[in-house]
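A short worksheet on the structure shown next.
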Amino acid sequence: MDGKPKLADGWALEVASMVWATGFKPDFGWIELPVFGEDGHPVQHRGVVESAPGLYFLGLPFQHSFASAVIGGVGKDARYIAERTTELSVSRDRVRQLQHDTERKLTKPRVGH
């Protein structure tokens, strides 16, 4: 539904980011986005899916290192993804502010005209 996560009852969620922690056996069947390579795995770099801003994966085998798929090593990947989600959120907030400022300038009455 327009790239938004949809619950079983059909309700679409308004979310900025989605982190899919894969667990012991990855299941990507619920993701209906063109984010997979020919091998069936997500096309990502350190868990970040460039083709779907706001979609992240965590716990993939060799996501960034040998330890990426185990409890003792997933923390570094989680930290990296948390930093990226923060950057994305700040970027979106900045775009909204610029849009708002532009709209105000366009609708502001000009004095003396």
Residue among Gly59, Gly54, Gly73 that is in contact with an Asp or Glu (Cβ under 8 Å, 6 or more places away or on another chain) and either more than 20 Å from Ala16 (Cβ to Cβ) or surrounded by 15 or more Cβ atoms within 10 Å (Cβ to Cβ) (or both):
Gly59
Do you know which residues across segment 25-51 are surrounded by 10 or more Cβ atoms within 10 Å (Cβ to Cβ) and of a type in the set (Lys, Arg)?
Arg46
Does Glu50 satisfy the condition of being under 28 Å from Leu13 (Cα atoms), out of contact with any Ser or Thr (no Cβ under 9 Å at 6 or more places or on another chain) and at pLDDT 80 or above?
yes
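The values are calculated or read from the model by the stated rules, or taken from the named source; none is laboratory data. Just so it is clear, the model here is predicted, and its values are computed rather than measured. Heads up, the Cβs are rebuilt from the backbone with ideal geometry, glycines too, and the neighbour counts pull from every protein chain shown.
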